[in-house]
Amino acid sequence: MRLDKALSGSGEGTRSELKKIIRSGKVSVNGKVVTDPGFKVELSDDISVYGNEVAVKENLYFILDKPDGVLTAMEDKRLPTVADYIPENLKGKKLSPVGRLDYHTTGLLIITNDGELSHRLTSPKYKIPKMYEVTYSGDPLTEQHVKQCIDGVILEEEGKKTVLKPSELELKEDGRCILTLYEGKTHEVRRIIASFGRSVLTLRRFRIGDVVLNENEPGTLRPLTHEELVSLKEQAGLMPDPS
Ligand code: URA
């Protein structure tokens, strides 16, 4: 991998700052000064910035189709967790789930060790759409609920009022709907549906940004494709520098 890319996960600066630092002769690889940001390095190389050795890590990105009855956590004494779906050879890579799906929510969960992307995908600031397919009990939802979502649903819970960010509700037949959220408040879908006087029967996330879950085997873990990663980074304002 390129030297500047290898250093970008090390917390030493942004990709363009790192290029400048490399060009100014402050970076060495296996004891030799390197001034080309595109110099090819391996994870096993010893890389120093300003004379200090830095830990270079490889960023990894996966999609898990989370099954029902699994905690979005890397460890639990009693219950199955998403860590049970991560193969042994990836166990030391500091992977963790991006955001949280409830124990009974299924579907698309991104798992990565890229802290910056993880933060941006969950921050409301970047408005990354997350799409959920919901089945619910009770009377069919109506255009009135669609409008409430556009305006921002107001939750009144235990005497406390919370105004949610605008969302999109698509009505479907047979007690189903698609809800698109741009923030990730705890149990947000279930709370919105409850505020409409219905309750969620099943909840499945099938899309984040342009990344769509096409697995139909719960528990499947696969790497993000290059195109999927680029599109997520673009949406999160982390477009890789092409030079
Ligand atoms: N909203 C919820 O209510 N639950 C989830 O798991 C995700 C979003």
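How many Å² of accessible area per residue for the chain, probe 1.4 Å?
55
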* **Rounded to the nearest 20 debye, dipole of the chain from Cβ charges on Lys, Arg, Asp, Glu** => 620
* Would you work out the relative contact order for the chain, in percent, from Cα pairs under 8 angstrom that are 6 or more residues apart? => 19
* Structure fact -> Surpassing 22 Å at the alpha-carbon level, of the pairs K127/K185; K94/K130; K26/K57; K94/K127; K66/K165; K26/K94, are K94/K130; K94/K127; K66/K165; K26/K94
* Structure fact -> Semi-axes a, b, c in Å (a largest) for region 3-53, each sqrt of 5 times a Cα gyration tensor eigenvalue, come to 14, 12, 10
* To do: Let me know the whole percent of all Cα-Cα pairs from region 120-159 that are separated by more than 12 Å.
  => 75
* On the accessible surface of the chain, probed at 1.4 Å, how many percent belong to carbon and sulfur atoms? -> 50
* Taking only the alpha carbons of region 32-164, what extent do you get along each of the three principal axes, in Å, biggest first? -> 70, 36, 27
* **Candidate aspartates and glutamates for bridging to K5, where Cα separation is under 18 Å - those fewer than 8 sequence places away on the same chain excluded** => E17, D36, E42, D45, D46, E53, E58, D114, E116, E227, E234, D241
* To do: Compute the separation of the alpha-carbon centres of region 79-112 and region 124-163 and state it in Å as a whole number.
  => 26
* To do: Using a/c under 1.5 as the rounded threshold, could you call the chain rounded, prolate or oblate? The axes a ≥ b ≥ c are square roots of the C-alpha gyration tensor eigenvalues, and prolate needs a/b larger than b/c, oblate otherwise.
  => prolate
* Cα lying deepest toward the dipole's positive end in the chain, options S137, Y126, V56, charges on Cβ -> V56
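The values are calculated or read from the model by the stated rules, or taken from the named source; none is laboratory data. Note that the coordinates shown come from a computational prediction; the quantities given were computed from them, not determined experimentally. Note that we place each Cβ from the backbone using ideal geometry, even for glycine, and neighbour counts take in every protein chain shown. Note: areas computed on protein heavy atoms with side chains; ligands, DNA, RNA excluded. Shrake-Rupley method; radii C 1.70, N 1.55, O 1.52, S 1.80 Å.
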